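Working notes, beginning with the structure itself.
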């Protein structure tokens, strides 16, 4: 290696170390508080799932009735875990790809605390009976302005970093991350303004709510997860992105199709007849961007199979991308107007689809990013290989049981609901074994995520082990398992671009 190349590599390493050091506290704050909310959400999910098959469970406590604990479970998952995991990954990725240290740590941390206070008050408001009754928007009306202001305070500096970055290639990861950062305020402000500030007919309010829920999945959580996966796959393997043309196809098809989805939830409602079917068609067509991105990322990871076998970051990311492809298939199968769409409208299938998106796809990719990012910002390695492996196995198998069992059980439940000559109890009985299985699966996931939170907290306290080797899922250390030497960020067309 020539002295010039060696000097450049050393300078890049120092720059990356400085960026990671500047982001240690905000990244770890969001990941740790998000992991705590994830445990709370799963605990509430166990209770709400148990109430489906055992309505008398904890029936003496009005704060824990199904109508309160279920929305608290979903909102804690979305705003407590999902949004904060996204914040951590976004600010770290944008700093790394823009090659700029963070200069607004204090502002981000204050805004992060305000966000957590808003989420906490919102969850208490739901459990105390002041929820709005609109899915994914159950927080009392005072919460959304607080969350919006916190969001801008957390992420506005990432826009500035991108604007003042050194001139050069804009990575596909940045495309997805910037799009998510722009789309979320549009979605959030539009839905909350129309529902709280300019309320109209309740039926159209339900339509706006359905659009918001779909848009949040496909225009925020999906691009954040895909941008993260497009970073990790070439970074860890040291290989270029398989096809940049396929990456662009996935991005633009997502941007064009996703805003039209959501209204299929109102099929049969007194709204313009075409709207639910446009929503159903758009949701089914999301198969295109999902498969384009999924195949592209998987092919990139499979280019270095030995690394995939040992790297926790890649294993979680691969599982998340596989869940994305299953989600795309489910989007098609659950939205066939003449057959499955009427069956899934009021059944467990909708819940299974949401969990497959939020936990099966988004969260697994976020776990992969966590196992990659945390050792870099803390300058420590993970304490236990066994805890990582346990977290992986319980998360994957738990997702399979919760999501797929809910999807299939919802179809059976829908068939029972459509049999109008039969008593309603028949439909409820058909969902009973699936609800029991979901409760058991959530219990396993809760167990693993409690240890994930403890593991993460110990890393924030810098109690991780000192080692020159990364913590892998197996004891053997493969060559360059984390991409440390090359430190490839993303690939341009046909080549890898050094960071």
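With a/c under 1.5 counting as rounded, go ahead and sort the chain into rounded, prolate or oblate using the C-alpha gyration tensor (a ≥ b ≥ c being the square roots of the eigenvalues; past the cut-off, prolate if a/b is larger than b/c, else oblate).
prolate
With a 10 Å Cβ neighbour count serving as the proxy for reagent exposure, in which order, fewest first, do 124, 105 appear?
So the ranking, lowest neighbour count to highest, is 124, 105.
Could you list the residues of region 157-185 with an amide nitrogen less than 16 Å from a label point located 7 Å from the Cα of residue 248 in the Cα-to-C-beta direction?
Within reach of a label on residue 248, which here means backbone N under 16 Å from a point 7 Å along Cα→Cβ, region 157-185 contributes 169-176.
Tell me the label-point distance for the pair residue 167, residue 426, using the 7 Å Cα-to-Cβ offset, in nm and rounded to one decimal.
So the two model labels end up 7.3 nm from each other.
Report the full-extension gain for the segment residue 54 to residue 203: residue separation times 0.36 nm, less the Cα-Cα distance, to one decimal in nm.
So the extension gain works out to 50.4 nm.
How many nm is it between the label spots at residue 62 and residue 346, if each spot is 7 Å from the Cα in line with the beta carbon?
2.7
Report, in degrees rounded to the nearest 10, the 0 to 90 angle that the Cα long axis of helix 364-378 makes with the longest principal axis of the chain.
Its long axis makes an angle of about 40 degrees.
How far is helix 202-216 tilted, in degrees, relative to the longest principal axis of the Cα atoms in the chain, given as a value from 0 to 90 rounded to the nearest 10?
Helix 202-216 sits at roughly 30 degrees to that axis.
If neighbour count is taken as other Cβ atoms inside 10 Å, put 32, 426 in order from fewest to most. Walk me through the intermediate numbers first.
Working: 32 19, 426 14.
Ascending number of Cβ neighbours within 10 Å: 426, 32.
Taking the number of other C-beta atoms within 10 Å as the exposure measure, put 102, 291 in order starting with the fewest.
Exposure proxy ranking, most exposed first: 291, 102.
Between residue 142 and residue 12, take the C-beta separation as r, use R0 = 35 Å, and let me know the FRET efficiency to the nearest 0.05. Before the final figure, lay out the partial values.
Values: r = 46 Å, r/R0 = 1.33.
Efficiency, rounded to the nearest 0.05: 0.15.
State whether region 267-396 is rounded, prolate or oblate according to the following rule on the C-alpha gyration tensor (a ≥ b ≥ c being the square roots of its eigenvalues): a/c under 1.5 gives rounded; otherwise a/b larger than b/c gives prolate, and the remaining case gives oblate.
Working: a/c = 3.09, a/b = 2.29, b/c = 1.35.
It is prolate, given that a/c is not under 1.5 and a/b is the larger ratio.
With a/c under 1.5 counting as rounded, go ahead and sort region 18-66 into rounded, prolate or oblate using the C-alpha gyration tensor (a ≥ b ≥ c being the square roots of the eigenvalues; past the cut-off, prolate if a/b is larger than b/c, else oblate).
Cα axes put region 18-66 in the prolate bin.
Stretched out fully, how many nm does the piece from residue 103 to residue 447 gain, at 0.36 nm a residue minus the Cα gap?
Taking 0.36 nm per residue and subtracting the Cα distance, the gain is 120.1 nm.
List residues of region 332-370, by number, whose backbone nitrogen lies under 20 Å from a label position 7 Å along Cα→C-beta of residue 467.
367-370
Treat each spin label as a single point 7 Å out from the Cα along the C-beta direction, and report the residue 332 to residue 124 distance in nm.
4.8
Mind pulling the angle between the C-alpha long axis of helix 24-53 and the longest principal axis of the chain? Nearest 10 degrees, somewhere in 0 to 90.
30
Every read-out reported here was derived from the displayed coordinates using simple, explicitly stated rules and does not represent laboratory data. Bear in mind that the values here come from a model prediction, so they are computed numbers and not experimental data. Heads up, the Cβs are rebuilt from the backbone with ideal geometry, glycines too, and the neighbour counts pull from every protein chain shown.
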